[in-house]
Amino acid sequence: MLTPGYQFGKAKNTFRGTLASNTNDGNMLLGTSGWVFGGFGYKAKNSFAITVTKVADFNQSVAYNGQNNTSSFATPLADEFAASQLTIEEALNSDNISLTTKMALYTYLVDTAAGQVIARSENTTMLNQQYLTETNGGITEITLGMGHELNKKLLLGASLGIPIVKLDRSSYYRESDATADLNEFDFMAFRENYSLRGVGLNLRAGLIYRPQEYLRFGFAIHSPDAMMLKEKYDAGLATDVENLFAASYDSVASSEFTNGSRIETRYTNYTPMKFILSGSYVFREIEDVTKQKGFITADIEYVNYKWMKFGSYDEETSFSKEYYKPFNEAIDAFYKGAFNFRLGGELKFNTIMARLGFAYYGNPYKDNSALKASRMNLSGGLGYRHKGVFVDLTYVHRMNKNVNFPYRVSAPRPNTFANLKETNGNVLLTVGFKI
C-alpha cells in the first residue's frame, strides 16, 4: 500500500490584543505506506508488516506582533546577569552565563548603571514587539510489526519502531521603542538558526479480544520513544542604544563566544508513554466480508506529558543528572497528563464504503486556565474494494490551538504569550493491492 498526501493551512495568532494572520505553504506528506505479509507460521495465523509513516510534520510558520508595557526580551537576561553577581568582563568569559545574556552584555542591551543591573529596553514605557519563525521537517518512522491470532477470540500484536527526526527552524524577534522619548533605547533584533537531527527506538504491544463476532475490545501500550539527538545552533543580536555612545548601534554573532563555530549539543530525549483502550461494534459480522455492512469504533488514550525526560547522550553520571535536572523540573512544572479521544465509523455499500471520523486531543499544559491548547480532527472519506484492489480517499480537517512564548520572565512579573489558532487540511490517497 502507498499513501501520498498533501497538507495546507492558515493561522490566526493573537498577541496582546493584536491579531495577525498568515498562510502556511502547502507541502506533500507520506501517510502509512508499506507491505503486509499474512497467512504464514503456525496454522497460517501470523502476519508481518513493514511500514513507513510521517508521524509528525513540523512545516509551519508563526508570526505575530503587538505592544507591551510590562516586560522585555532583555528582562530575563538582566535577571540572569544580576543573579550571577559577576562583573561584565567575568560574565562574558563565564561558562555559567547563557549565550544570549553574553550577547546582550556585549551590545549594551544589558548593562550596569549606578551600581545596578539594567535592561535598556525597559527604559521605555511601551515596546513594539514582533516575532517570526519558520520551521521545516518532521518525524518519519519505520515500523516492523507482527500479529498473531491466538484463537478466534484473542489476537496479539507488537511492533518495533525507528523514528527519524529532522527539524530546521529560523526565528526572528524585534523590539523597538514605541514612544518618541530619548531613553537610551531605539531597537534590538535577535535572530537564531536551529537544527535538530536524530534517531530513536520504541516498542508497542497490544491485544484485541472478541467475546462475540460483532464485538471487539482492545488494549495497547506504547513505550516512550528513546531518541538520540544532535542539535546545532547559532544566533545574532543587534542593538541601538540611541546616541548613548558615539556609535550607538552594535551587533554580535554567537560565534564570537564559541571560537567561530556553531554550538553543537548531543543528548537523549524520552517521549511520554501511552495507554490506549478501544472498542468496536461490527454490523453483520459474518465470514463473507462482502456482506458486512460497517462498524463503529472508538478509543481513549492517556498520555502524561510530565513523563518526558532529557538525559545524557553518553553514559549517565551524577554530573549529567545534575545538568539535566533543571530541564526535567521545568517539564514537571509546565506539563500534565491528558486524555485523547477518537471515534470513527464506516458504512459499506457492496464495493464502495463511506467513512466519518472525529478526534480530540486534550490540553497538555498544567495551567490550562490561561494556556489554551487542544487539537480537533474531523475527517471524511470514500473507499473502494474489489478483487484485491483497494483505494481510499480521505480529507482531514484539523483545528489546533496552542500558545507561543517569545521569552519567559520570572515571577512576580507576568509572562506574555501569543494564542495560536491554526486550521489546515490533509488530503490522503491510499492505494493498495492484495495478492
Query - Inter-residue pairs, beta-carbon under 6 Å, first surrounded by 12 or more Cβ atoms within 10 Å (Cβ to Cβ) and in segment 311-322, second at pLDDT 90 or above and not basic (K, R), 6+ apart - result: G311/T268; G311/Y324; Y313/Y267; Y313/T268; S320/S312
Query raised in the report: Do any strands (runs of 3 or more DSSP E) entirely within segment 361-435 hold 2 or more residues that are among the small types (G, A, S) and more than 20 Å from F341 (Cα to Cα), and if so, which?
Result: 418-433
Query raised in the report: Is it the case that some residue within segment 261-271 is surrounded by fewer than 14 Cβ atoms within 10 Å (Cβ to Cβ) and part of a loop (DSSP other than H, G, I, E, B)?
Result: yes
Report task. Would you mind finding the one in D234, D181 that is in contact (Cβ under 8 Å) with a residue 40 or more places away in the chain, of a type in the set (D, E, K, R) and touching a strand residue (DSSP E or B) at 6+ places or on another chain (Cβ under 8 Å)? Result -> D234
Requested in this report: Those residues that are hydroxyl-bearing (S, T, Y) and either assigned to a helix (DSSP H, G or I) or without any contact (Cβ under 8 Å) to a residue 24 or more places away in the chain (or both), I need them from segment 40-55; list them, please.
Outcome: Y42
Query raised in the report: Given the residues A370, A359, which is the only one that is surrounded by fewer than 16 Cβ atoms within 10 Å (Cβ to Cβ) and of a type outside the set (D, E)?
Result: A370
Report task. Residue by residue through segment 395-410, note down the ones that are under 24 Å from E192 (Cβ atoms), surrounded by fewer than 18 Cβ atoms within 10 Å (Cβ to Cβ) and of a type in the set (F, W, Y). Result -> F405
Report task. Among what's in segment 290-305 and is at pLDDT 95 or above and either among the basic types (K, R) or surrounded by 17 or more Cβ atoms within 10 Å (Cβ to Cβ) (or both), pick the residue that is farthest from M353 (Cα to Cα). Result -> Y305
Query raised in the report: Are there any pairs with C-beta distances below 8 angstrom linking a residue in segment 5-17 that is at pLDDT 90 or above and buried (at least 18 other Cβ atoms within 10 Å of the Cβ) to a residue that is part of a loop (DSSP other than H, G, I, E, B) and of a type in the set (A, V, I, L, M, F, W, C), with the two at least 6 apart or on different chains, and if so which?
Result: F15/F417
Query raised in the report: Could you count how many residues in segment 44-62 are out of contact with any Ser or Thr (no Cβ under 8 Å at 6 or more places or on another chain) and aliphatic (A, V, I, L, M)?
Result: 2
Query raised in the report: What is the residue count in segment 15-39 for residues that are under 29 Å from S159 (Cα atoms) and not in a strand (DSSP E or B)?
Result: 2
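The values are calculated or read from the model by the stated rules, or taken from the named source; none is laboratory data. All values reported here derive from a predicted model rather than from experimental measurement. Quick reminder, even Gly has a Cβ in these numbers, built from the backbone with ideal geometry, and neighbours come from all protein chains shown.
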